[in-house]
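Heads up: the structure comes next, in structure tokens.
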Amino acid sequence: MHRKISKLLVVGAHGDDETLGAGGTIARLADEGVTIALCILTNDDGSRSANGTGVVNRTGAIELAAKTLGIERVRIHEFGDNRLDTVSHLELNRVVEHEVRDFEPDTILTTSMCDLSTDHALVSRAARVAGRPGKGSVQEVRTFEIRSATDVGEASGLPVTFRPNCWQRLEESHLERKIEALRAYGKELEPWPHPRSERGVRALAEYRGSQVSTELAEAFEIVRVVH
Ligand SMILES: [Zn+2]
């Protein structure tokens, strides 16, 4: 059974989540005429800098990456990086629910509950709440994987890990756009063999592809789908 996606909402904690987790799929679906919106909950990298100072606004990078991938609409919220656990569930749910009501997607892609990043897990939860069955438009919720967050998820102590059950085939051009979009984030790309290197991104696409006997793919875990 094939479900056609018409309106896709991608919900991430940080600018780059969307690209690392689903950049190739977003590029492919944009080429196929799907209307795509992006919602990012945080907009600084203060806690990532070596001395905790030098907060950098990421709006420009997020918008450039989105344009490269073919995302039409970008909403960036101003919560603090690595500080989403200081925001109430009510507030986070309210923000994501508002995005869903406003855009009326049929499909949501978001971060995994299993990630070591607390921000990722909290955003995943809020996206699931916003996309729950009810009066809304959402027919499918999927989570994606992010290297050095999802593949080290066991360090969080959670009893669950990311278990892909959905693969999106990619052409070389989609992977190239994913890598180009990542370059918008500059220093997020590290030299090989770091998992967030260009070669690391390609290696994951090849591995996920070979799992389903195709050249390149991105893998997802379906939370719920209604046919
Ligand atoms: Zn992230």
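About its Cα centre, what dipole magnitude does region 68-227 give when the only charges are +1 on Lys and Arg Cβ and -1 on Asp and Glu Cβ, stated in debye to the nearest 20? Intermediate values should be presented prior to the final figure.
On the way: 22 positive and 27 negative charges, 58 e Å.
Taking the Cα centre of region 68-227 as origin, the dipole is about 280 debye.
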* Mind grabbing the accessible area of His98 for me, 1.4 Å probe, Å², rounded to tens? => 90 Å²
* Glu172 versus Val225: modelled label distance in nm, points set 7 Å from Cα along the beta carbon direction -> 2.9 nm
* To do: Show that you can apply the helix-only estimate: for the chain, add -39,500 (n - 2.57) for every DSSP H stretch of four or more residues, divide by all residues, and state [θ] at 222 nm to the nearest 500.
  => -11000 deg cm²/dmol
* State whether region 86-133 is rounded, prolate or oblate according to the following rule on the C-alpha gyration tensor (a ≥ b ≥ c being the square roots of its eigenvalues): a/c under 1.5 gives rounded; otherwise a/b larger than b/c gives prolate, and the remaining case gives oblate. => oblate
* **Interchain or long-range residues, amide H under 5 Å from Val223's placed H** => Val141, Arg142, Thr143
* Structure fact -> Spelling it out for Val74: with amide H atoms placed in the peptide plane at 1.01 Å from N, the residues 5 or more places away or on another chain with amide H under 5 Å from its amide H are Leu38
* For the charge dipole of the chain, defined by +1 on Lys and Arg C-beta atoms and -1 on Asp and Glu C-beta atoms about the Cα centroid, which residue among Gly136, Gly21, Ile36 has the Cα displaced farthest towards the positive pole? -> Gly136
* Asked: How many times 2.2 N^0.38 Å is the alpha carbon radius of gyration of the chain?
  -> 0.94
* To do: Take every DSSP beta bridge with both residues inside the chain and express the antiparallel ones as a percent of the total, to the nearest 5.
  => 35 percent
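The values are calculated or read from the model by the stated rules, or taken from the named source; none is laboratory data. It should be emphasised that the depicted structure is a prediction, and the values quoted were computed from it without experimental measurement. Virtual Cβ from ideal backbone geometry, glycine too; neighbours counted across all protein chains shown. The protein model used for the area step is the full one, side chains on, heavy atoms only, and it has no ligands, DNA or RNA in it. Shrake-Rupley method; radii C 1.70, N 1.55, O 1.52, S 1.80 Å.
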